[in-house]
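*Asks:* I'd like to ask some things about the structure below.
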Amino acid sequence: MTEEIKATKTLDVCGEICPYPDVKSMATLKKMEKGEVLEILLDYPLSVERLPRNAAKWGHKVLAVEQLEGPNHRIMIEAFGLK
Amino acid sequence: MTFPILTGLLVGLAFGFALQRGRFCMNSAFRDIVTMKDYTLLKTVALALLVSMLGFGIMAMTNIITPNPKPILWGGNIIGSFLFGIGMVLAGGCASGITYRVGEGMVGAMTAVLGLILAAIATAMSFLKPVRDALQAIKVPAEGSSITVASILGLDYAITAIVLAIVLGLIWWFFAQKNKGGDVFDAHKDASLTDKIFKYGWSWIPTGVVIGLVGIVAFPLSAWSGRNYPLGITSGWLKIGQMFMPSVPFENSLKWDMWLIVGIVVGAAVAALIAKEFKLRMPAGRVLVQTFIGGALMGFGAVCSTGCNIGHILSGVPQLSIGSLIAGTSIVLGAWLAAYLMFVRPMAKE
């Protein structure tokens, strides 16, 4: 389902421990222009739930949370433009 | 080995399952407040504490348990637990967090546990023992001062715990009603009950209630085996480490708290396998060093303070132990300092 969404940038945080998937994603989103899309690849269950929740709180738009294989997920977030 | 000791395994299986499903971790709970203003896990912890407090109070009143609050050890509770708090941010998880993540296949959690075991052994019985003894030397008031919020006020523990749990719960509920909304993000609202339990992570309310109930069940069962205390993590890992030491008789390790750890790891692994969340996850080498050091700080701190975040916060605070309240506060402050230096300041600079 996320194939149609075009990512401006991809961030792979697989294997990272708590809370680096969230911290790195939020830092990247902060530097992106409004409307740009960040594709995040992650495999840490807590962050799969926490990241969309917090990204939305900062005004970013969560486009998709897709399970790939096992704990591997792809999250697509459209930046709010905090730059 | 007797059946009462093996109940540790059963409680551990339930605890590990709930920890993995609820992603229950006090490191995240305390750290997320300062790093991302996320209060979800903090609410989970608070709910688990209130449920346990109510349960302990009722069980004490009906003589099912005899409360066993930890004494005040100023040096250990303040300095040891502060270092524990710093350590858990480095390790990427609290004592129960890194334990259940071993079952999920996270290699960073395994190196953290290794650090915790080695430091706990060094502090409990080897070259760091003099440091522990020095930290625990300050005993004011004197000997075995297991004072609680209730004993200070001259009140009965059972009634105080029950009233406090209900009053705090009502205050919380009142404010939650006033500030409704904002906390309704649920990606799997329409999922079936089976999927909600086994496939997706639990939301904070069921997690808090189940963890609180596990703590309630743990207390009389552990006491039945001769260990009069509810849940605890560090002592179990210490006993697992001692299995590999020829100088310690093997039977010494086969205790309730050791079986609890085995249960947590297996229970979390089962939960992760059912949810298809099990995977060997290998972070960068420097992260493994970081989690090892973090684990070591936790092991040292927990032995000096006679408890980790589970022994002091989840089990000690509901018993209203003043020592546990001091230790819990130090853990939070240590975690905040580490979180500020590692995450808040670097992010603000960017």
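The values are calculated or read from the model by the stated rules, or taken from the named source; none is laboratory data. If you're wondering where the values come from, they're calculated on a predicted model, not measured in any experiment. All Cβ positions, even for glycine, are placed from backbone atoms using ideal geometry, and neighbour counts span all protein chains on display.
*Asks:* Determine, yes or no, whether residue B:73 is surrounded by 24 or more Cβ atoms within 10 Å (Cβ to Cβ) and either at pLDDT below 95 or small (Gly, Ala, Ser) (or both).
*Replies:* Yes: the conditions hold for residue B:73.
*Asks:* What are the pairs with Cβ atoms under 6 angstrom where one residue, in region B:23-49, is within 12 Å of chain A (Cβ to nearest Cβ) and the other, located anywhere, is of a type in the set (Gly, Ala, Ser) and not in a helix (DSSP H, G or I)? Sequence gap at least six, or different chains.
*Replies:* Every condition considered, the pairs that remain are B:23/B:201; B:25/B:93; B:27/B:93.
*Asks:* Which ranges mark the helices (runs of 4 or more DSSP H) fully within region B:198-311 that have 1 or more residues being farther than 23 Å from residue B:6 by Cα?
*Replies:* Because the criterion is at least 1 residues that are farther than 23 Å from residue B:6 by Cα, the helices (runs of 4 or more DSSP H) in region B:198-311 that meet it are B:204-224, B:256-274, B:285-305.
*Asks:* Can you spot a residue in region B:122-134 that is surrounded by fewer than 24 Cβ atoms within 10 Å (Cβ to Cβ), touching a residue at least 12 places away in the same chain (Cβ under 8 Å) and either within 14 Å of another protein chain (Cβ to nearest Cβ) or over 17 Å from residue B:238 (Cβ atoms) (or both)?
*Replies:* yes
*Asks:* Next question, about the same structure. Please go through region B:290-322 and give me each residue that is within 12 Å of another protein chain (Cβ to nearest Cβ) and β-branched (Val, Ile, Thr), ordered by number.
*Replies:* If the condition is that a residue be within 12 Å of another protein chain (Cβ to nearest Cβ) and β-branched (Val, Ile, Thr), then B:291 is the only one that fits.
*Asks:* Before we move on, is residue B:90 modelled with pLDDT of 95 or more and either within 13 Å of chain A (Cβ to nearest Cβ) or surrounded by 24 or more Cβ atoms within 10 Å (Cβ to Cβ) (or both)?
*Replies:* yes
*Asks:* Can you go through B:41, B:10, B:47 and tell me which one is within 19 Å of residue B:165 (Cβ to Cβ) and either in contact with a Pro (Cβ under 9 Å, 6 or more places away or on another chain) or assigned to a helix (DSSP H, G or I) (or both)?
*Replies:* B:47
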